[in-house]
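Heads up: the structure comes next, in structure tokens.
Quick note: the coordinates plus some simple rules give every number you see, no bench work behind them. It should be emphasised that the depicted structure is a prediction, and the values quoted were computed from it without experimental measurement. Positions of Cβ are generated from backbone atoms using ideal geometry, with glycine treated the same way; all protein chains shown enter the neighbour counts.
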Amino acid sequence: MTPKIMRQLWSVVENTHTRTLLQLDDASLVQWLVKQTSMQGLLDGHETDFLSEYIQSRIHLIRDIAYERQYS
């Protein structure tokens, strides 16, 4: 995954309403984040698969960020 895609993903996470990040189940959140990140730039199938795996491996971190943001 390129640094540009990674920056796009974390930008999407930062700009997404906390409720969205907390209310979706894991699979739906992964799909939603992939879709939102893909809209920022075209991704090929390999990049999309890798991005999905990356998000899945960071899902707890993403939710922790959302929880913290909710209470700050």
Of all residues being out of contact with any helix residue (DSSP H, G or I) (no Cβ under 6 Å at 6 or more places or on another chain) and small (Gly, Ala, Ser) in the stretch 25-53, which is surrounded by the most Cβ atoms within 10 Å (Cβ to Cβ)? Just the residue, please. 38
Does residue 69 count as charged (D, E, K, R), on the phi < 0 side of the Ramachandran plot and more than 10 Å from the chain's Cα centre (by Cα)? yes
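Any residue in the stretch 12-24 that is in contact with a helix residue (DSSP H, G or I) (Cβ under 7 Å, 6 or more places away or on another chain) and surrounded by fewer than 14 Cβ atoms within 10 Å (Cβ to Cβ)?
Looking for residues that are in contact with a helix residue (DSSP H, G or I) (Cβ under 7 Å, 6 or more places away or on another chain) and surrounded by fewer than 14 Cβ atoms within 10 Å (Cβ to Cβ), one finds none in the stretch 12-24, hence no.
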Give the stretch 27-66 a look and list any residue that's over 21 Å from residue 2 (Cβ atoms) and more than 12 Å from the chain's Cα centre (by Cα), or say none. 64
